[in-house]
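Contents: one structure, followed by commentary.
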Amino acid sequence: PITKNESHLIYNTADSINRLYKKYFEPLYSLQMLDFSAINTLKEVDLTQISFVSRRITDQLNQVVSAFNVPVEAKFGSCEFDTKFGKVGVFGHDNHKIEGKYCLSVDLGGNDIYSGNISSSIFKDMPISILLDFGGDDNYSEVSGHGKLASGIFGVSILWDHDGDDMYETSGAGIASAFLGCALLIDENGDDFYIC
């Protein structure tokens, strides 16, 4: 847990992230603050904990990515399973359309289309979200609001794309944006295109 009091973090509806941004960025837009509960939440967040966790995860992922050799046979399609932290998905070399919320997704290759919640933490429901893509010309497209493309919202988000000419597009708060969390987008190779 990154806060002492999680009562502010209960946002489970579809427009939850948009409501959160509206609440916390009200002073910026209206030049006044009417709801002071945002300040209480900001005081409760442990930024040291977020920093520590994000550095540990990044260090471990760096070791995995540098040692990984994509040993899976080309005929492997995909598999998914649930854990107490959320859904895990492993996808083979085919072209996939990957949608939904994953705490961890690994793609071994292929020209993939990612949509929905793309490697973004979602409060206490999914405080860590990691996407590793090892190859292919991929399309990461989030066009339905804030904080769904490599966004760390009250948590840690890491999108690591190893190779390929990729396209990243969001209409919301931005690519690899963080709000009381940590967000990393690491794209090691390729001719990439970013729209936000």
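The values are calculated or read from the model by the stated rules, or taken from the named source; none is laboratory data. Bear in mind that the values here come from a model prediction, so they are computed numbers and not experimental data. When we count neighbours, we look across all protein chains shown, and the Cβ atoms used for this are built from the backbone with ideal geometry, even at glycine. Just the protein is used for accessible areas: all its heavy atoms, side chains included, with ligands, DNA and RNA removed. Shrake-Rupley method; radii C 1.70, N 1.55, O 1.52, S 1.80 Å.
Only one of Leu185, Leu159 is touching a strand residue (DSSP E or B) at 6+ places or on another chain (Cβ under 6 Å) and open to solvent by 30 Å² or more (accessible area, probe 1.4 Å); which?
Numbers: Leu159 fails: open to solvent by 30 Å² or more (accessible area, probe 1.4 Å).
Leu185 is the lone residue from the list that is touching a strand residue (DSSP E or B) at 6+ places or on another chain (Cβ under 6 Å) and open to solvent by 30 Å² or more (accessible area, probe 1.4 Å).
Among the listed residues Ile17, Ile10, Ile50, Ile2, identify the single one that is at pLDDT 70 or above and of a type in the set (Val, Ile, Thr). Step through it out loud before you land on a result.
Values: Ile17 fails: at pLDDT 70 or above; Ile10 fails: at pLDDT 70 or above; Ile2 fails: at pLDDT 70 or above.
After ruling out the rest, the residue left standing is Ile50.
Considering only residues that are in contact with a Leu (Cβ under 7 Å, 6 or more places away or on another chain) and either without any contact (Cβ under 8 Å) to a residue 24 or more places away in the chain or not in a loop (DSSP other than H, G, I, E, B) (or both), which ones fall in segment 158-183?
Ile158, Leu159, Trp160, Tyr168, Thr170
Against the conditions (1) under 13 Å from the mean Cα position of the chain (by Cα); (2) in a loop (DSSP other than H, G, I, E, B), where does Gly190 fall short? Just the number, please.
Failed condition: (1).
Pick out, from segment 40-117, the strands (runs of 3 or more DSSP E) lying fully within it that include 1 or more residues that are within 18 Å of Gly155 (Cβ to Cβ), without any contact (Cβ under 8 Å) to a residue 40 or more places away in the chain and not acidic (Asp, Glu).
On the way: elements: 78-83, 86-91, 97-99, 104-107, 113-115.
Counting at least 1 such residues, we get 78-83, 86-91, 104-107.
Among what's in segment 76-111 and is modelled with pLDDT of 90 or more and among the acidic types (Asp, Glu), pick the residue that is nearest to Val65 (Cα to Cα).
Asp107
Taking Asn62 as the residue in question, decide whether it is modelled with pLDDT of 65 or more and of a type in the set (S, T, N, Q).
Details: modelled with pLDDT of 65 or more: yes; of a type in the set (S, T, N, Q): yes.
Judged against the criteria, Asn62 is a match.
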